[in-house]
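Just below is one structure, and these are the notes that go with it.
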């Protein structure tokens, strides 16, 4: 398990636990009593139909959304007790990618790296590695606005991982990726697992997910639905679970 | 990382983006020009400008252009949800506010550099009569408007119908700043200038800016957490 | 739910007393000396002034409750804030209606940009903004409007000071006349009546808001 880099060493945790987390928007209930525990070195797939609460759960875990009820603990403390520094240990790939189209790929990475307080020399090395990993070394100085969805997706994932987060939250990481990129993304996620990250990835691509997840969490209408174990493919079991819950 | 350092990073990022596209400066300046054109029909009669109109023209134009710029700078942060990315960064929240405010102010002063001389030229306002006082009024009035505007625009990013709600919410709250800038400017540019009064308005603006900047810094973190 | 019949009576009593007092107010006002220049219209003042004061109180209550909600997220504070904002908007509207009636008689025009009227107008706009934001801002807009309420309260001295400075430079407008003591009793009488009305409505509205939240909670529970 690699130690976190410089500066972030005062904040670390091996486990993230949600207890009875719920979240609602007015009358709409996005999450209802979700309980779960995720440990370092595991990848958890987050499944469920549209509007099941996957993004909301990721939002709550990323500290961006306050839960309306319940608690989330990072190690032995909750987000409030950790303070701002907790966010330096979390990496989020959002549905909307978090990239400035007017800036180049390199500029985007450097801007966020600095915001995360990375030291210049370390940042420079990390940016080069990230660009290579995203397969964008040749286009590092082109504006992100000119990139295809897949290229942006790859860059956004590397942006989220630039600061070496412990908790990795990916919302639909395979959107717009071609087969080769999907393979690379899976390899990247496995690598994160080796490094001891806590990975949660929301996805609809169950066939892809089946190749790398250690466990799955299925949501339906904001509640956890258990996917039955069995020899069948994940998609079939998932379908059955969702239908039974509905 | 320090608050000011992070704020400067964000402001510099905004300015880089603006320098690349130049969208805001062009649209806002030309919008300001069309405002001036409209005002000409309202306040110019018999070849002379209605008394005391230039101060009002100057400020209303500034405020309109500023609202436009304000909406757009935050719309940019919405495009790829980057405001969320900023909120996710391990920096203190007020630095996001300060960074956005700083870049907005630089943009607004850029607009004023065009608008103020034009008001002098087109409406015969004696803008060089008391340049320091006028500059101070413009600076503090704009800061007051932008200080509240940045907070409200940032928090409205997650509200629906934000485009119409922003001015509805912003204008009444920033009225003392607008009034102070406008009245101060009026007494500088009037046929019989009254610098004493202009300075009184300047003092009010200092006070207003200090109070509302403090309040905005204080409330930014709680209102941007969802 | 716990028995609330005791506290349920409070707004009813307040509103009944306020209603009776207001119903009797014409006779009380009639005891005041007849003001020669203004005639009958002067009597509006006995409503106008207390309503204006009530509006200020509502604004301050809304501001404080909003501040508490912004920093502490206490649900109760939000219920009080929205009730107070609606009161500020309602009483503000009444001030802005009774004001011009006075102005018409006193200055011969329906509207003058008098310092007080202008300030009231601005305050009224701030609390309308609060309500609009809440109404059209979508879910989560409670905090946003609370920020507006909080800023609105802090704004009060700035508005009064700056509008006063702006207007007193134009002496063609008169200030509201100071009253002889004999006019004081009906004035305080009406003030009390309007304050009771305000408190009664506030309590009712805050309770309604609370019920609305409870219904929403129940709704979510049923859906589960």
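Structural remarks
- Cα gyration tensor category, rounded, prolate or oblate, for the range B:10-113 with a/c compared to 1.5: prolate
- Note that the range B:3-223, at 37 °C in a medium of 0.692 mPa s, gets a Stokes-Einstein diffusion coefficient of 183 µm²/s from its Kirkwood radius over C-alpha pairs.
- Listed by Cβ neighbour count within 10 Å, with the fewest neighbours leading, B:185, A:226, C:120 appear as A:226, C:120, B:185.
- Distance between modelled label sites at residue B:195 and residue C:31, nm, 7 Å Cα→Cβ extension: 5.9
- For chain C, the convex hull drawn through the C-alpha positions has a volume of 139 cubic angstrom per residue.
- FRET E, pair residue A:212, residue B:121, Förster distance 60 Å, beta-carbon r, rounded to 0.05: 0.35
- Part-to-part distance (alpha-carbon centres) for the range A:168-226 and the range B:204-220, which is given in Å: 46
- The gain in end-to-end length when the residue C:12 to residue C:136 segment is fully stretched comes to 41.5 nm, 0.36 nm per residue minus the alpha carbon separation.
- Comparing C:85, C:58, C:32 in a Gaussian network model of chain C (Cα springs below 10 Å), the most mobile by mean-square fluctuation is C:32.
- Principal-axis analysis of the Cα atoms of chain B puts helix B:162-189 at an angle of about 40° to the longest axis.
- Listed from fewest to most Cβ neighbours within 10 Å, the set C:17, A:144 follows the order C:17, A:144.
- Residues C:16, C:145, A:62, sorted so that the one with the fewest Cβ neighbours within 10 Å comes first: C:16, A:62, C:145
- Rounded to 10°, Cα long-axis angle of helix C:75-107 versus longest principal axis of chain C: 20
- Cα gyration tensor, the protein assembly as shown - rounded (a/c under 1.5), prolate or oblate: oblate
- Between residue B:47 and residue B:109, the modelled label-to-label distance comes to 4.0 nm, taking each label 7 Å out from Cα in the direction of the beta carbon.
- Cα gyration tensor shape for the range B:122-226, rounded if a/c is under 1.5, else prolate or oblate: prolate
- Multiplying the residue separation of residue B:128 and residue B:37 by 0.36 nm and subtracting their alpha-carbon distance yields 30.5 nm.
- Nearest-0.05 FRET efficiency for residue C:93 and residue A:77, computed from C-beta distance (R0 30 Å): 0.05
- Over chain C, DSSP H runs of length four or greater, each weighted -39,500 (n - 2.57), average out per residue to a 222 nm ellipticity of -28500 deg cm²/dmol.
- Gain upon complete extension [residue A:28, residue A:195; 0.36 nm per residue less C-alpha separation]: 56.3 nm
- Note on residue A:95 and residue C:185: with the Förster distance fixed at 60 Å, the Cβ-Cβ geometry gives a FRET efficiency of about 0.35.
- Based on the Stokes-Einstein relation at 10 °C and a viscosity of 1.306 mPa s, and on the Kirkwood radius from alpha carbon pairs, the range B:27-79 is assigned a translational diffusion coefficient of 131 µm²/s.
- Highest-fluctuation residue, B:192, B:18, B:92 considered, GNM on chain B with Cα pairs under 10 Å: B:192
- Angle between chain B longest axis and helix B:53-79 axis [Cα atoms, degrees, rounded to 10]: 20
- For the range B:41-102 versus the range A:65-116, the gap between their alpha-carbon centres in whole angstrom: 28
- Highest-MSF residue in chain A out of A:88, A:68, A:55 [GNM, Cα springs under 10 Å]: A:68
- Inter-centroid distance (Cα atoms) of the range C:74-137 relative to the range B:177-192, Å: 27
- Legend: P(r) of chain A from all alpha carbon pair distances, 5 Å bins from 0, whole percents, reading 1, 6, 14, 17, 19, 17, 13, 8, 4, 1, 0.
A short reminder: the numbers here are calculations on the coordinates, not readings from a lab. Since we're looking at a predicted model, the values are computed, not measured. Note that we place each Cβ from the backbone using ideal geometry, even for glycine, and neighbour counts take in every protein chain shown.
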